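Please read the structure below before turning to the comments.
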Amino acid sequence: MSHKPEAAVTGRRGLARQAVGNMAWVAWGSATVSLLRVLVLVILTRLLAPADFGLVSAALVVISFSLNFAQLGLGPALVQRPDLQPRHVSTAFYASIAFGFLVAAIVWLSAPLIAQFFRMEHLTPVVRVLALVFPISGLGTVPDSLLQRDLRFRVLANREIWAYAIGYGVVGVGLALLGWGVWALALAQLTQVLVRTVILLRLSPGLSPARPTWRSFVELMDYGAGQSMTRVGNILANQGDNLVVGRWLGAVPLGTYSRAYQLMAVPAGLLGDVLDKVLFPTMAKVQDDPRRLAAAFLRGTALLALVTLPVSVVAAVLAPELVVVTFGSRWAGLTAPFQVLALGMMFRTCYRMSDSLSRATGRVYRRAWRQALFALLVLLGSLAGQTRGIVGVATGVLVAFFLNYVSMAQLSLKITEVSWGRFFQVQLPAVRSSVAIGGVTLATMVGMRHSGLPPVVGLAVGGLAAVSVGLLAAWVAPTFALGHDGVYARNMLLGMLPALRKRFAPGRAS
């Protein structure tokens, strides 16, 4: 598997335009997958029981945590390494496969103990089937990383669309319609990983003749170990609440809570993934230029807040209608935890800017202990809140989101030498827009709920009110509503539309 040297990045404007173009591709892939995910989520939620989602969520706690040890941070190390050589590529390829099989065997043998810990007797076969994820993912780790390093985001975006569409859209929904229950979810997850890996291997130029060496492994692990340590904390932070709910509250509450979390995570994940997939390799190219890193960090933070804060406020206001219309009245129990989690959407998303920056500049160990702290906060918050049910767990997780946002911001401000005052200043337009949009939406929904109209009508009217206020504010007072960074991004995108149309034209090579 060979890797061609990359051309140097020329000029600040060229880098910015390249990043925006790449973000357009990632946004296309992430937006399409998010739309599919919402559609599939609605269909599967109406076809399957909460206990089915609870079993798979419990299994994925283990799979997500163990996947980190199967990959050992080798993929990000390939992306970040300035002097990547063929021996590094071949070493990472064989090591990823070997560790994939090793972790799969450990998880398969441990499945009965995992089921005993969660007190779910039907969990063992689900964990064993999903253990196949490890060797399959191992085959695709290196091709995926090299595509990221080469900034081939069109290919990566289309891969994600096909993988999710076939995995969940075809296999998951199809098996759910046939009455396969929990196996519809488990096999959908496995199929998604398999399709993703097959596409990556087909795009791979072939294995490099260079021999894997211990020296190359040590060089990669100098960065990869820190990345892996960070991912352990990140995975525990993302799955710690599921672990607590599954262990202490049971499969049905876990199914309800996991649906609430996923509903919140779709928009947050969409924006976070778009920025992270593009900014990490882009920032890595200019990791020795603090001024450009600082500008990118502030602008990215401002734009993320500008989108996520108003969305989180509107989602919390519209939650009762959104849940009933989307999932049906039997899932009304997830409304309250979703409202709590929605308020943390900005904190959960904006910390991704700091995450990308710390990885791009090699501060993986400083990032690692902060993620360990985040995981601890999620676990403690969830444990403290579980006595009040899933709403209490959601509240504990919200507090952890905020504290992690502050902790990661502190690391980024130290790296870029930006002040706290400047950091908060760039987010003020988001606060102003959220107050205006949220206030009008809330007033609209109070009137709609008193009128006795169906929830679908209230949701439509409330959503229209929120969008109308946002567009009106951006048109009448753009600096007030968007800030200088928002206006800059808007003007850049408008100026690039002709070029983007040509780039997205059918038949153009990737």
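The values are calculated or read from the model by the stated rules, or taken from the named source; none is laboratory data. Treat the numbers as computed from the prediction; the structure is a model and nothing was measured. Glycine also receives a Cβ, built like all others from the backbone with ideal geometry; neighbour counts cover every protein chain displayed.
Structure values in brief
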| quantity | calculated |
| --- | --- |
| Segment 442-478, residues that are touching a residue at least 12 places away in the same chain (Cβ under 8 Å) and within 14 Å of Leu309 (Cα to Cα) | Ala466, Gly470 |
| Selection status of Leu318, under 18 Å from Phe424 (Cβ atoms) and not basic (Lys, Arg) | no |
| Only listed residue being in contact with a Pro (Cβ under 9 Å, 6 or more places away or on another chain), more than 19 Å from Thr141 (Cβ to Cβ) and at pLDDT below 85, chosen from Ser34, Ser30 | Ser34 |
| Scope segment 415-444; condition in a helix (DSSP H, G or I), out of contact with any Phe, Trp or Tyr (no Cβ under 7 Å at 6 or more places or on another chain) and among the polar types (S, T, N, Q); matching residues | Gln425, Ser433, Ser434, Thr441, Thr444 |
| Matching option when the condition is more than 21 Å from Ala163 (Cα to Cα), under 18 Å from the mean Cα position of the chain (by Cα) and either part of a helix (DSSP H, G or I) or of a type in the set (Asp, Glu) (or both), among Phe65, Phe93 | Phe65 |
| Qualifying positions in segment 47-77 - over 19 Å from Asn238 (Cβ atoms) and at pLDDT 85 or above | Leu47, Leu48, Ala49, Pro50, Ala51, Asp52 |
| Selection count where residues are under 16 Å from the mean Cα position of the chain (by Cα) and assigned to a helix (DSSP H, G or I), scope segment 330-356 | 14 |
| Residue list for segment 141-164, restricted to those being hydrophobic (A, V, I, L, M, F, W, C) and more than 14 Å from Val198 (Cβ to Cβ) | Val142, Leu146, Leu147, Leu151, Phe153, Leu156, Ala157, Ile161 |
| Pairs with Cβ under 7 Å, 6+ apart, first in segment 318-341 and polar (S, T, N, Q), second surrounded by fewer than 18 Cβ atoms within 10 Å (Cβ to Cβ) | Thr326/Val42 |
| Residues that are buried (at least 19 other Cβ atoms within 10 Å of the Cβ) and closer than 25 Å to Pro253 by Cβ, drawn from segment 98-122 | Val107, Ala111, Ile114, Ala115, Phe118, Met120 |
| Qualifying residue in segment 452-472 (condition: outside any loop (DSSP other than H, G, I, E, B) and modelled with pLDDT under 90) | no |
| Residues being within 21 Å of the chain's Cα centre (by Cα), polar (S, T, N, Q) and over 19 Å from Leu67 (Cβ atoms) - total across segment 114-161 | 1 |
| Some residue of segment 123-137 being within 26 Å of Ala49 (Cα to Cα), among the aliphatic types (A, V, I, L, M), surrounded by 23 or more Cβ atoms within 10 Å (Cβ to Cβ) and without any contact (Cβ under 8 Å) to a residue 60 or more places away in the chain | no |
| Segment 200-242, residues that are outside any helix (DSSP H, G or I) and at pLDDT 75 or above | Ala210, Arg211, Pro212, Thr213 |
| Hits in segment 92-140 - residues which are farther than 22 Å from Val195 by Cβ and among the hydroxyl-bearing types (Ser, Thr, Tyr) | Tyr94, Ser110, Thr124 |
| Verdict on Leu442 being more than 30 Å from Leu293 (Cβ to Cβ) and modelled with pLDDT of 95 or more | yes |
| Residues that are more than 23 Å from Gly75 (Cα to Cα) and either modelled with pLDDT under 80 or in contact with a strand residue (DSSP E or B) (Cβ under 9 Å, 6 or more places away or on another chain) (or both), drawn from segment 338-388 | none |
| Residue match in segment 85-97 (condition: at pLDDT below 80, farther than 24 Å from Asn242 by Cα and either crowded, with 24+ Cβ neighbours inside 10 Å or hydroxyl-bearing (Ser, Thr, Tyr) (or both)) | no |
| Condition check for Met448: assigned to a helix (DSSP H, G or I), within 28 Å of Arg359 (Cβ to Cβ) and at pLDDT below 95 | no |
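Listed here are the residues, each with its yes/no results for (1) buried (at least 19 other Cβ atoms within 10 Å of the Cβ); (2) over 26 Å from Ala51 (Cβ atoms).
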{"site": "Ala157", "(1), (2)": "yes, yes"}
{"site": "Tyr164", "(1), (2)": "yes, no"}
{"site": "Leu177", "(1), (2)": "no, no"}
{"site": "Gly181", "(1), (2)": "no, no"}
